[in-house]
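I have placed the structure first, in the form of structure tokens, so that the comments after it can refer back to it.
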Amino acid sequence: MEILSANKTASYSKEDEMIYTEWFNLADSDGDGRITGNDATNFFALSNLSRQQLKQVWAVADSKRQGFLGYPEFITAMQLVSLAQAGHEITSDILKTQKNMEHLAPPVMQNVDSLRVKHKSLITTGEPATNGSSLPLQVPSTQWFSSKSSKKLPLNAITSIIDGLKRLYTEKLKPLESTYLFNDFMSPLLTTSEFDAKPMVMLLGQYSTGKTTFLKHLLRCDYPGAHIGPEPTTDRFVCVMSGHDERTVPGNTIAVTAELPFNGLSTFGGSFLSKFECSQMPHPLLDEITFVDTPGVLSGEKQRTQRSYDFTGVISWFAAKCDLILLLFDPHKLDISDEFKRVISSLRGNDDKIRVVLNKADKVGTQELMRVYGALMWSLGKVLNTPEVVRVYIGSFNDKPIDEANIGPMWKELFEKEQDNLLADLVDIPKKAIDRRINEFVKRARAAKIHAYIISHLKKEMPAMMGKAKAQQRLIDNLEDEFTKVQREYHLPAGDFPNVEQFKEVLGRYNIDKFEKLKPKMIQAVDDMLSYEIPELLKNFRNPYE
């Protein structure tokens, strides 16, 4: 399976592009570069397709569930309409199976001429469009669909799920986080660029397990700054992402670049930023997904004493932002050291994102591979404290052909199927990105609410006058008991509470007496957001034909 083929863009002639560009401008009623559900129902009705057919057209075109169609998705929708008019059944795979798409004629849209005349009359008379400005016909540039364009939208111009989440965060959740210092205890405040960021995949494992080689295998080429060898060659965090040309950007520059979602990494200090860089290159896969290549986890005391920054803290930060976490293992290095165990433990709360890859599996024979797989599952069972069995992919993820002489034809077929399954998992990431954003947003809101209860409870337990220092020390020493009191008072699930030791460490730097008391209106605003406003947002931007 070619991962690039799953993300290939629609092909069309220059003549058809001019038609699609004009139609896009006609359909885009407010000129914001987005075809909303209302825009689509008005324009797509000209195709005379049934509601069920148009429902499927929208579902395939808006596969990422953004709640709107950009220019590329609009063209995809028009090609699907052409195929439906020709009698084809619309499925999610139809564009991949159809050949000679560049020769597919634009669909027949009834009465589009009258719509064109009406649009031109608005321009000629200077009458404003919906958003208050008359719009000439123009080719939609890629800048329209960048994060920069969305920043210019006023708060009341909600044209996508992401825009809605930004507004809810600014108005409802951020005030709660700021009031109760959630950014200092748990996670930095979110920025606009974090909402607009592409899905991320993090590669994690001990040194020489093939993380960089795996990434090179996916891209089918080297990325700037990539080094591969049997020794620990990747000595820094490398974010591999799309760019206009091939270059590497140092960490300090990345952390202050507003368009990139890495401002929160500044909290780990200059020592970390000197070991962080961004590798940019033009690549179709990177247009959809950003990859994070990590340094190999060292063994012994070197992991803690020779790194001048909080390695597990950085891993935890990336884990919260990533859509998928790949743990790579080598058949000859199955032992999970204490250091690697601490790193895996830092992934707590992100268990659903973890996938395990047993790489270089063709380097051992059939019998040895069965024993290696059993040993790996036993080791993971001691580290990943979940009742569910983690998904393990077996294969050899590099550019070399599989060693069939060592493993036999049956195992070669298994490796190929496992590789296809893993690549299919990666291909699905952009389609599930919106769902993941919503999931992480709701998870963050619940964590912020629990944090507010904890902080206000500690404040309430402080004396009004004398003995404040002793009371604070008593609260810190008995923090686990205080968590239990909060849990019982507000009927909260125990599994949603933060790590006690980490909370103690941060709490010791603060004067509890200075904390804010509980503000029920703030809590109620977040409750209303979770119970009513987010469901309403999802309802407004679902498939318009449902």
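The values are calculated or read from the model by the stated rules, or taken from the named source; none is laboratory data. Computed from a prediction, not measured in an experiment: that's the story for all the values here. Glycine gets a Cβ as well: all are built from the backbone with ideal geometry, and neighbour counts include every protein chain shown. These accessible areas exclude ligands, DNA and RNA; they are computed on the full protein's heavy atoms, side chains included. Shrake-Rupley method; radii C 1.70, N 1.55, O 1.52, S 1.80 Å.
Things to note:
- For segment 269-361, the alpha-carbon coordinates run over 40, 38, 26 Å along the three principal axes, in decreasing order.
- Carbon plus sulfur fraction of accessible area for segment 196-294, probe 1.4 Å, in percent: 50
- Rolling a 1.4 angstrom probe over segment 469-546 with all protein chains present gives an accessible area of which 47% lies on carbon and sulfur atoms.
- Spread of Cα-to-Cα distances over 5 Å intervals beginning at zero, given as percent, for segment 60-110: 4, 20, 30, 28, 14, 4
- When the Cα convex hull of segment 486-546 is projected onto planes of every orientation, the mean area is 6.8 nm².
- Accessible solvent surface per residue of the chain, calculated while the other protein chains remain in place, 1.4 angstrom probe, Å²: 48
- Projected area, mean over directions - segment 157-261, Cα convex hull, nm²: 9.3
- Descending semi-axes in Å of segment 19-119, equivalent ellipsoid built from Cα gyration tensor: 20, 15, 13
- With Rh defined as the Kirkwood radius, the inverse of the mean 1/r over Cα pairs, the Rg/Rh of the chain is 1.00.
- Size of electric dipole in segment 182-271: Cβ of Lys, Arg +1 and of Asp, Glu -1, about Cα centre, debye, nearest 20: 260
- The chymotrypsin sites (Phe, Trp or Tyr not before Pro) found in segment 179-262 include none that occupy coil by DSSP while having at most 10 further C-beta atoms within 10 Å.
- Cα convex hull, segment 408-546: 195 Å³ per residue, rounded to a whole number.
- Taking other residues whose beta carbon is less than 9 angstrom from the beta carbon of Asp39, and scoring Lys, Arg as +1 and Asp, Glu as -1, yields -1.
- Of the GluC sites (Glu not before Pro) found in segment 281-375, those in coil by DSSP whose Cβ has at most 15 other Cβ atoms within 10 Å are Glu301.
- Atom-type composition of the exposed protein surface of segment 22-98 places 43 percent of the accessible area on carbon and sulfur (1.4 angstrom probe).
- Cα pair count fraction exceeding 16 Å, expressed as % - segment 313-412: 59
- For Gln206, the residues 5 or more places off, or on other chains, whose built amide H falls under 5 Å of its own are Val297.
- The chain - mean residue ellipticity at 222 nm from DSSP helices (-39,500 (n - 2.57) per run, n ≥ 4, rounded to 500): -13500 deg cm²/dmol
- Of all DSSP-defined beta bridges confined to the chain, some 25% are antiparallel rather than parallel.
- Once C-alpha pairs closer than 8 Å and six or more residues apart are averaged by separation and normalised to the residue number of the chain, the relative contact order reads 17 percent.
- Mean Kyte hydropathy of -1.0 or more with a Cα span along the axis of at least 18 Å, helices from DSSP in the chain: 14-27, 71-85, 112-125, 366-383, 409-427, 429-461
- Per residue, the average separation of C-alpha pairs within less than 8 Å and at least 6 apart gives segment 33-88 a relative contact order of 45 percent.
- Amide H contacts of Tyr393 (H built 1.01 Å from N, under 5 Å, at least 5 apart or other chain): Val356, Val357, Leu358
- Given charges at beta-carbon only (K, R positive; D, E negative), |dipole| of the chain in Debye: 1460
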